[in-house]
Each structure stands twice: as structure tokens, then as C-alpha cells.
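One structure is given below, encoded as C-alpha cells.
The values are calculated or read from the model by the stated rules, or taken from the named source; none is laboratory data. What you are looking at is a predicted structure, and each value in this text was computed from that prediction instead of being measured. Every residue, glycine as well, gets a Cβ built from its backbone with ideal geometry; the counts of neighbours run over all protein chains shown.
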Amino acid sequence: MKSLKGKKLLVLGGSASNVQLVHFAQQMGAFVVVADNRENRPGKDAADDSVLISTDDYEGLCQYIKAHHIDGVATGAGEWNVVNAMKLCKIAGLPYYADEHLWNICQDKRNFKDCCKKYGVPTVPEFSIDKKPQDKDYPVIVKPVDGCSSRGISICHNEEELNKAIDFALSLSQSTNVIIEKYVDNGGVTIDAKYVVVDGQCYLEALGERYVLEGGLITAISFYPSTLISRFMDKVNPNVQKMFSFLGYKNGVFFFQAIPDGEEIYVYEMGLRVSGGMIYNMTEASGCNNVMKMLIYHSLTGKMCEKDDIKTIDPYFGGKQASTVALPLRLGTIAHIEGLEKVKRLPGVVDVTVYYGEGHECIPKHINTLDQLFARVIVVSDNEKSLFDTLKKIRESVIVNDNDGNSLINWTTFDKLYTYCIAGGGKNRLEQCLSQYKDS
């Protein structure tokens, strides 16, 4: 991509999650201003300038954009500011990758699922409040149609649990609607599919297998590229291409979450934004594209990239192997943290993002949401042996204890998967991981 020197970018939100966005834009040559209605924010500290304006104060932000000759607006993965940026850019006449029509289709689980059915994208079999599952249909999963970050989701094994789960999901749904679906019990394996859209053409940029925390709903560890990529390209990708072509999506990003069930792969959710897992760090470290940089480029030029940049999009990661390790917390207060600096220096570690420090507490409402995560570590290696060597060292290095010396990191799923991967041996270790984890 060409240099953005001389361009001014307004970033909405000064949270720590936007610091990397600020740095990327600066590396690309842009002058970066962060808007937030709070002082002393990490994003503001990283930026070239900042302004004390709420990110939903469209009038105030428009005045600032005009007075300071701002060329574009961007934000990270948080849906609140994605919507604010989308509305602000429409008012200010600036480019933005999403519009309200597409957002309403993709972010509402009901609208999205109906759209998938229309264009042949396979989805999980479902039920409704009026037509509830029979005894033979359990377990089922219940979620608010407009939820995110795993909030409001419950797995139900009988009608009593279902009724409680419906009430819970409704309490977290602004539109007061829920989805009831078959719970695919495959051991907790899901598929993560990342797409980038350039001039109306959808490109799969990453496909990974995600392993859910044992007894929970959030991801404990993921591997890229997925061993199921051929099946996904055959059964899912063609109709994804068709769907977004008919929807008229020209430039931007989206991700799918899907679940393998025997020979089938069911899509069950999507996001019209970058995901919180920062997979763009993984793809770039593999010698491929960085979709966050592409969104920055689009905000300031109206284009996702130059023609030659499209060649860097490669869901096979140029033959490399990669993993994202999430470190989920148990309930308790963090008293001691050790080993993070050592982890940052390990071979293949390309990013360590820490969400909590000493004195912070993991409380019941955090469980089964992304707020349960202490940190994420992204690893990219030339082969599976070096990947798993680094994963082992991460496990040995990170210590997070409470005041009594008890470990607050839940390593259960990591330990099980690591054992299966090593037991598999040879070139098929990821495949061994998938099959044995499912059978357990």
C-alpha cells in the first residue's frame, strides 16, 4: 500500500484495544487523533493528538473533522464505536466500509440466518419460542439475536433450563428476540473464518479451528490454517461469495463463526468488523495481509489496497502454522503475575495482549464472556514442531496466582489439547487434536 503521509485519521475510542490501530496508522504515515470523552486513555497517549469528545457526539465530531481537515475515521473491534464511526462518516461524507443496511442484516442473528438460508449458506437447525424442541432434540443453545462477546448464551438439556435461558437471553436483547438452535456436541470445536472484500470480491484470508474452554463457551486455543479448509472451501465458501455479491458489499471485512458436525459445517454467527482476536497480527507475521491496515487505508483513500496487495491474501499462511492461546481466568483476585516478559521473547510469539493486572478480580458475571480472559498470545511458526515447542514454553512460563498461591489460569483445555497434539505425532498432529478432542 502507498504511504499515507499528509493524511489525518480520527480514531474513535481511546481504550487499550485501539492502541495498535493508532500505531499501525502512524507506521503507514498518517497523523492520528483519538476522540474519547475520558482523559488519560491509552489510545490518547499513543496518538499524535487527542480530543475530549464523546464518540457518539456526531455534531461535535463533525465540527472537529471540518475544522481540523480530517481525511478519515476508523475504530477497532468494539461494536459500539463501529456503529458510531459508520453513522459519523455518513454525516461527514467520509468513506467507511459498512452501512446501516448491511449492518442490520449481518449483526442481527435472525436477519443473518434468514439471509444465509436464502443464498444456501448452511446454518444450524433451529427451533423457536412457539415451536420448542422436543425431548429428543436436546441439548439446544439459546442466545439473544443481537448479542455479542458470548453474552446471554446458555446450553440447555431440558425444558426447565430452556425457559430460564430464554428469559436470560431476552433480558440482554435490545430487540427482545432470541435464537434457539441445535447444540452441536462435537467436543467444543468451532471454525473461525475471516474474509476481506476488495472491489466486490470476497477473499477468505484465514480459517482456524477453535477449541472451547472445557465446561464453558469461550475459546481456549485456536489453530491456523484449519485442517478443514478444503471442506469449507467446497461446502461453504461458494455460497458465501454469492450471498455477499447479491448484498452488494464492495469493500470491507467480515468474519464467520461456524461449527463442524460430521461432514457438515454450519455457519451460526458473523461480525461485520474485525474480530477481537487480532488475527491480522498472525496473518501479517506469516507474510500475508493485515486487514486492520487495509481498513485504515480504506478510511483515508476509499480503497482497501492497491492491486498488488491482493496477492498477499493467503488462507494457507504460506505454509506456516499458527495459534492463538487465550488464558481464561478462574474466579478470584489477581495477586501475582509472572512470566509475561519471558513469553514475549519466545520464538514465534508475535503478540501478547494482557487485559488484567495485579489487583483485578474475575467475578461471576465475567465467566463465559470475553471478560474472563486474562490475556491472548499469538504464535506463528514455520512448522508444527516449533509451534508446539513454543506453546509448551508459554504453559511453563505464565503464572497468575491469588493471595493463597492458587493458580487463576484455567489450563484444563490447553493441557488436554497439547497432550493430544503431541500424541498424534508427525504431520497430522492438528488433525489428531481435532479427532481425539471430539472423541473425549
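Remarks
- Only one entry in 365, 320 is of a type in the set (D, E, K, R), touching an Asp or Glu at 6+ places or on another chain (Cβ under 8 Å), buried (at least 17 other Cβ atoms within 10 Å of the Cβ) and over 16 Å from residue 221 (Cα atoms), namely 320.
Per-residue answers, yes or no, for (1) in contact with a strand residue (DSSP E or B) (Cβ under 6 Å, 6 or more places away or on another chain); (2) within 21 Å of residue 242 (Cα to Cα); (3) of a type outside the set (Val, Ile, Thr); (4) without any contact (Cβ under 8 Å) to a residue 12 or more places away in the chain:
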{"site": "81", "(1), (2), (3), (4)": "yes, no, yes, no"}
{"site": "87", "(1), (2), (3), (4)": "no, no, yes, no"}
{"site": "90", "(1), (2), (3), (4)": "no, no, yes, yes"}
{"site": "96", "(1), (2), (3), (4)": "no, no, yes, no"}
{"site": "110", "(1), (2), (3), (4)": "no, yes, yes, no"}
{"site": "113", "(1), (2), (3), (4)": "yes, yes, yes, no"}
{"site": "121", "(1), (2), (3), (4)": "yes, yes, no, no"}
{"site": "129", "(1), (2), (3), (4)": "no, no, no, no"}
{"site": "133", "(1), (2), (3), (4)": "yes, no, yes, no"}
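- Residue among 280, 268, 203 that alone is surrounded by 21 or more Cβ atoms within 10 Å (Cβ to Cβ) and more than 24 Å from residue 144 (Cβ to Cβ): 280
- Residues being exposed (fewer than 14 other Cβ atoms within 10 Å of the Cβ) and assigned to a loop (DSSP other than H, G, I, E, B) - total across region 130-169: 5
- Hey, residue 191 out of contact with any Pro (no Cβ under 7 Å at 6 or more places or on another chain), touching a residue at least 24 places away in the same chain (Cβ under 8 Å) and either of a type in the set (Val, Ile, Thr) or in the same structural domain as residue 305 (by TED's automatic domain parsing) (or both) or not: no
- Residues within region 34-51 that are in contact with a strand residue (DSSP E or B) (Cβ under 6 Å, 6 or more places away or on another chain) and buried (at least 21 other Cβ atoms within 10 Å of the Cβ), tallied: 5
- Across region 220-254, the qualifying residues are those that are assigned to a strand (DSSP E or B), farther than 22 Å from residue 372 by Cα and of a type in the set (Phe, Trp, Tyr), and the one among them that is nearest to the chain's Cα centre (by Cα) is 254.
- Any hit, region 173-189, residues being buried (at least 18 other Cβ atoms within 10 Å of the Cβ), under 30 Å from residue 290 (Cα atoms) and either under 23 Å from the mean Cα position of the chain (by Cα) or basic (Lys, Arg) (or both): yes
- The set of residues in region 109-126 being more than 16 Å from residue 258 (Cα to Cα) and at pLDDT below 90 consists of 111 alone.
- Lone qualifier among 124, 73, 82 - being closer than 19 Å to residue 166 by Cα and of a type outside the set (D, E, K, R): 124
- Residue check, residue 227 buried (at least 21 other Cβ atoms within 10 Å of the Cβ) and not aromatic (Phe, Trp, Tyr): no
- Condition broken by residue 214, with the remaining ones in (1) assigned by TED's automatic domain parsing to the domain that holds residue 259; (2) within 16 Å of residue 130 (Cα to Cα) satisfied: (2)
- Residue 69 satisfies every condition listed in (1) modelled with pLDDT of 95 or more; (2) under 15 Å from residue 12 (Cα atoms); (3) of a type outside the set (D, E, K, R) except (2).
- Residues in region 368-385 include none that are closer than 20 Å to residue 218 by Cβ, assigned to a loop (DSSP other than H, G, I, E, B) and either modelled with pLDDT of 95 or more or among the hydrophobic types (A, V, I, L, M, F, W, C) (or both).
- In the condition set (1) touching a strand residue (DSSP E or B) at 6+ places or on another chain (Cβ under 6 Å); (2) among the hydrophobic types (A, V, I, L, M, F, W, C); (3) more than 19 Å from residue 353 (Cα to Cα), residue 337 is compliant with all but (3).
- Filter result for residue 206 (more than 19 Å from residue 156 (Cα to Cα), at pLDDT below 90 and among the hydrophobic types (A, V, I, L, M, F, W, C)): no
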